[in-house]
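Okay, so here's the structure we're looking at.
The values are calculated or read from the model by the stated rules, or taken from the named source; none is laboratory data. Every value quoted in this text rests on a predicted model; they were computed, and no experiment measured them. With ideal geometry, Cβ positions are generated from the backbone for all residues, glycine too; neighbour counts draw on all protein chains shown.
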Amino acid sequence: MKGISLQRAAGYLAALAVAVATVAGAQPRTEGKKPVAKMGGVVRVTDFGAAPGDPSDDTAAVLAAIEHATKTKARRLEFPKGQYRFAPADAARPGRILFQLQNAENLTIDGMGSELIFSGTSGCFWFGGCRNITVRNLTIDWDRMPFSVGKVIAAARQSFLVQVRPEYPVHGGEPVGAFMEYDAETELPAQNGLDVYSAVERTELVGPQLLRVHLTREIPVPVGRLVVLRHQVYSYNGFTADRCTNMKYEDLTLYTVPGMGFVSIVCKDVTLRRCAVTVKPGTHRIMSATADASHFGGCKGTVRLEGCRFDGMGDDGVNIKSGLYLTVKERVDDHTVLAAHNLKMADVPDAGDTMEMSHVADLIPYGSATVVKAVNQGGPEGIHRVEFAEPLPEALQAGDVLGNATRTPRVRIKDCRIGPNRARGMLLQTRDVVVEGCTFTRCTSAGVLVLTEVVYFFESIGTRNVTIRNNTFIDCNYGAAGASGALCALAWLKGFAEPPRPGVHRDIAFRNNRVVGTDNCGIYVSGVAGITISGNQVEQASRKPTAPSGSAALYVRGSSGIKLQANRIPADKQGKGFKTTVEYGPGCEGVGEAKLR
């Protein structure tokens, strides 16, 4: 998304409104007094024809207000309190994102308690190269949710029939990027239920609100269960910041969005305070955002979350990573390699970035070098050409991976509540992290997962100096996208193999956390050099283990510098599958190895 510019129409106010309204199929508004171009002033969307409470489309008016605010370097862009409605972004909008600000500085966007209602498949706000931006006091919702909910009333080998609830009108032909099984009584993700992506060929309407879902392969879909059909999973986010500095989001609520809630790509210093991605109260919805509530890739400075509430998402509450591993395809010379991401996604390092080099057999860095120049050469393989200042290590070979050790933001997360949701509460893949005072409830995977992996997404990097303290984990890690424990630090090598020795992660501390209810381990650690587990309380672990290690309340393997102190794990308060309080698996140093059962 780098390089997207704010579209400008010929003419100033009226011409811009007409052009955008024509593209969006809206009736243009030209009424109202033309604002005076006052530098550094306050811009109100109502001055450009936006009418809160009016059912007409406000897209043209808000675009004109953004244009004016950018041109005059306004200090505030205000939405006087009310409800505003927006037509879908058409294909002419880059990325199909409605509201785009390029290189804006020192601007506060204040919703003043307003609700913004979007339609269709669109992103909401995009910021490119901006500095010192604050967005506050807004609620975002959709007039038709990007998902449907219904009960499976019949199933065949490669199709199933869903009676869709009336609040999700369907007409047939709706795409389904993913579907997931929910418990009909609790309306929570079903324990070890279906979690299926990229398997729907088409849908057809065979009766009133009766949708037949045709599959590309045979999948046994249980009759009587609820399913959530996600018509759009990724790409169309609430707020996206690309190479911005000092972004602040305060008192924002997203009830749904056809993608992620908050996305930050190669940004420096991002703060979320009292932000919520949550199921709308007073409705029968059981999902909020169709993907992550918040996602940070390749950022620097500090990522800070305070007092946030994330629930109902189709993916993680918080995902923070240094970026993507690039796999070395060819060693061109002593300073240059050709490399690519395994899914052919672009992640070009900047000049001056330090890239760590690891063999995929263990993911332990054996060398590093400073980038002089890097370009994405494009093409079907997504090849990146990366040139380094220093000579490359002799150990570097094709198949090794490069991880960006410069784009590792420090993280401070406090007093947040996450779950219920599909997948992790927090996925942490960076360095210098403190998570404290948070509550994780019914995350289908780990509440907190400290991770790096070369299985599928190839997300980096091996972590350092991570502290998870004074948090509560309730009924986590019981279903879709499951991990090995409710609180984990681990790495996945090829084929989900685990590290044979310590060193992928370093200096991890789990202190004074409370874990209550989980199918496998309460706490699981793998591949860590320097792990402290102290003052934690674990109850009702090992309720229904899915692996031999899951019968231990606390399991450690492939680690060193292990300090276990004052943990409270009463044997009489564990689950039916519980066998032992603490177990050491293979590869541990200094404690005496114990064989896996």
Can you tell me which residue within the stretch 234-251, out of those that are surrounded by fewer than 20 Cβ atoms within 10 Å (Cβ to Cβ) and of a type in the set (S, T, N, Q), is nearest to H295 (Cα to Cα)? S235
Checking M112 against (1) on the phi > 0 side of the Ramachandran plot; (2) aliphatic (A, V, I, L, M); (3) in contact with a Gly (Cβ under 8 Å, 6 or more places away or on another chain), which test does it fail? (3)
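Quick grid of which residues meet (1) crowded, with 24+ Cβ neighbours inside 10 Å; (2) at pLDDT below 95; (3) in a strand (DSSP E or B):
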residue	(1), (2), (3)
V279	no, no, no
R285	no, no, no
L305	yes, no, yes
M313	yes, no, no
Hey, does the stretch 201-222 have a residue that's under 18 Å from F179 (Cα atoms) and within 14 Å of the chain's Cα centre (by Cα)? no
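For the stretch 118-233, which strands (runs of 3 or more DSSP E) that fit wholly inside it have 3 or more residues that are in the same structural domain as C244 (by TED's automatic domain parsing), surrounded by 15 or more Cβ atoms within 10 Å (Cβ to Cβ) and β-branched (V, I, T)?
Numbers: elements: 123-128, 131-142, 147-156, 159-164, 178-182, 195-197, 200-207, 210-215, 226-230.
Result: 131-142.
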Among the residues of the stretch 530-550, are any touching a residue at least 24 places away in the same chain (Cβ under 8 Å), touching a Cys at 6+ places or on another chain (Cβ under 7 Å), closer than 25 Å to G462 by Cα and small (G, A, S)? yes
Six or more apart or on different chains, Cβ atoms under 8 Å: show the pairs whose first residue is in the stretch 234-260 and closer than 30 Å to F179 by Cβ and whose second is buried (at least 19 other Cβ atoms within 10 Å of the Cβ) and among the charged types (D, E, K, R). Y255/R285; T256/R285; M260/D292; M260/D315
Taking the stretch 320-349, which residues are under 23 Å from the mean Cα position of the chain (by Cα) and of a type in the set (D, E, K, R)? K321, K344, D347
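Just for the stretch 264-289: of the residues that are β-branched (V, I, T) and closer than 30 Å to K151 by Cβ, which one is farthest from the chain's Cα centre (by Cα)?
Going through the stretch 264-289, the residues β-branched (V, I, T) turn out to be 265-266, 270-271, 277-279, 283, 286.
Narrowing further to those that are closer than 30 Å to K151 by Cβ: 277-279, 283, 286.
On the way: V277: 12, T278: 14, V279: 17, T283: 24, I286: 18 Å.
The residue in question is T283.
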Residue that is in contact with an Asp or Glu (Cβ under 6 Å, 6 or more places away or on another chain) and buried (at least 19 other Cβ atoms within 10 Å of the Cβ), where the choices are G522, G585, G517, G527: G517
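For (1) closer than 30 Å to P349 by Cα; (2) within 15 Å of the chain's Cα centre (by Cα), each residue gets a yes or a no:
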site: Y249; (1), (2): yes, no
site: Y255; (1), (2): no, no
site: F262; (1), (2): yes, yes
site: A291; (1), (2): yes, yes
site: K300; (1), (2): yes, no
site: V318; (1), (2): yes, yes
Considering the stretch 49-68 alone, what residues qualify as being closer than 16 Å to S114 by Cβ and either out of contact with any Lys or Arg (no Cβ under 9 Å at 6 or more places or on another chain) or buried (at least 21 other Cβ atoms within 10 Å of the Cβ) (or both)? G49, A50, G53, D57, D58, T59, A61, V62, A65, I66
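Go through the stretch 357-407 and count every residue that is in contact (Cβ under 8 Å) with a residue 40 or more places away in the chain and either touching a Cys at 6+ places or on another chain (Cβ under 8 Å) or not in a loop (DSSP other than H, G, I, E, B) (or both).
Within the stretch 357-407, the first condition is being in contact (Cβ under 8 Å) with a residue 40 or more places away in the chain, and the residues that meet it are 357-365, 381-392, 396-407.
If we keep only those that are either touching a Cys at 6+ places or on another chain (Cβ under 8 Å) or not in a loop (DSSP other than H, G, I, E, B) (or both) too, we end up with 357-358, 365, 383-388, 401-404, 407.
Of the residues in that region, 14 qualify.
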Every residue in the stretch 518-537 that is touching a Phe, Trp or Tyr at 6+ places or on another chain (Cβ under 8 Å) and not in a strand (DSSP E or B), please. T518, D519, N536
Strands (runs of 3 or more DSSP E) (entirely within the stretch 422-510) containing at least 1 residues that are among the hydroxyl-bearing types (S, T, Y) and crowded, with 24+ Cβ neighbours inside 10 Å: 448-453
